[in-house]
1. Give the calculated FRET efficiency between residue 253 and residue 224 to the nearest 0.05, with a Förster radius of 35 Å applied to their Cβ-Cβ distance.
2. Would you mind ranking 56, 90 by Cβ crowding within 10 Å, fewest neighbours first?
3. As a check on your grasp of the helix formula, calculate [θ] at 222 nm for the chain: sum -39500 (n - 2.57) over DSSP H runs of n ≥ 4, divide by the residue count, round to the nearest 500.
4. So what is log10(I(q)/I(0)) for the stretch 140-267 at q = 0.09, 0.11, 0.21, 0.23 1/Å, when the Debye sum runs over its Cα atoms only?
5. For a footprinting-style exposure proxy, rank 69, 62 by other Cβ within 10 Å, fewest first.
6. Have a look at 291, 202, 21 and tell me which one the Gaussian network model of the chain (Cα, springs below 10 Å) gives the largest fluctuation.
7. Say we join alpha carbon atoms closer than 10 Å with springs in a Gaussian network model of the chain; which of 140, 207, 46 then has the biggest fluctuation?
8. Give me the percent relative contact order of the chain, please, defined on Cα pairs under 8 angstrom at least 6 residues apart.
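Computed from the coordinates by the stated procedures, all read-outs in this text should not be read as laboratory data. The structure presented is a predicted model; accordingly, all values stated were derived computationally and were not measured. Note that we place each Cβ from the backbone using ideal geometry, even for glycine, and neighbour counts take in every protein chain shown.
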């Protein structure tokens with residue numbers, strides 16, 4: 001099975017953070033968000049991955065490269081004009097279905113850290129048989145804020161009966177479908193929900209649902225959510241297939257002045273420098289090569305940046 005990681009957004013909700021780096025490349029515990037998705041796909045045997053890019057696509061290509069570091073084979077498609085979640089998939093069909101066999105593939109939002117059992121998802125899709133696709137959904141108390149999905153059960157299992165209306169679930173940004181389904185979308189810009197699944201549902205076609213109940217899920221569209229994700233992983237939230245076994249702790253190459261105080265949980269990266277007399281933590285991520293010159297807590301310092309003022313609930317870029 002192949003996969004596509006959707007990364008061709010503008011990151012506008014992140015403000016200056018999104019101007020500095022594309023959203024999927026924001027570092028969480030020092031590792032780009034996108035690397036978490038690649039690692040989880042590879043761990044489940046999905047190695048052929050397509051990534052579409054737009055805003056600062058060169059950053060993604062330069063830092064992830066061909067994916068060999070994680071055992072993946074990555075191909076890139078730059079979108080000079082954003083094509084949307086449906087249009088981006090349709091634009092990539094030649095890479096997702098090179099042999100014309102109409103094999104199912106995974107569409108995965110690139111801004112997620114999602115401890116999803118992809119093997120179980122693929123098995124569930126195969127059991128259901130003929131359907132437009134299978135959407136990963138999660139029951140949440142504020143479903144309308146996420147674009148509510150209505151899920152009902154019949155003799156074939158859970159299925160989606162409405163989207164962006166009433167419902168107790170949210171769409172988690174991952175689905176399995178086939179190239180022949182995506183080929184039905186209009187040319188150019190389109191949304192896989194608004195121009196795809198939703199009108200097809202209303203025409204009586206079937207979309208299966210996969211209810212995600214166990215495992216970490218985070219998306220990073222706002223600075224607040226981005227910080228919360230760092231704190232959750234520092235706290236030891238379990239990921240079955242992380243891109244690194246060291247999401248917390250102090251790298252042995254970090255230079256920490258003897259008079260500094262470290263309060264766990266923290267992540268202090270390679271060659272980081274902690275100055276005399278400062279306190280770092282609790283809840284602090286200091287990136288590779290970064291410097292901390294004033295005390296910080298609940299703060300993320302990006303690689304090679306300098307924290308020169310006392311910060312709390314801050315992101316130093």
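1. It comes to 0.65.
2. Going from sparsest to densest Cβ surroundings: 56, 90.
3. Value at 222 nm, helices only: -6000 deg cm²/dmol.
4. Values, matching the q order: -0.44, -0.59, -1.30, -1.40.
5. 62, 69
6. Ranking 291, 202, 21 by mean-square fluctuation puts 202 first.
7. Among 140, 207, 46, the largest mean-square fluctuation in the Gaussian network model of the chain belongs to 140.
8. For the chain, the relative contact order is 16 percent.
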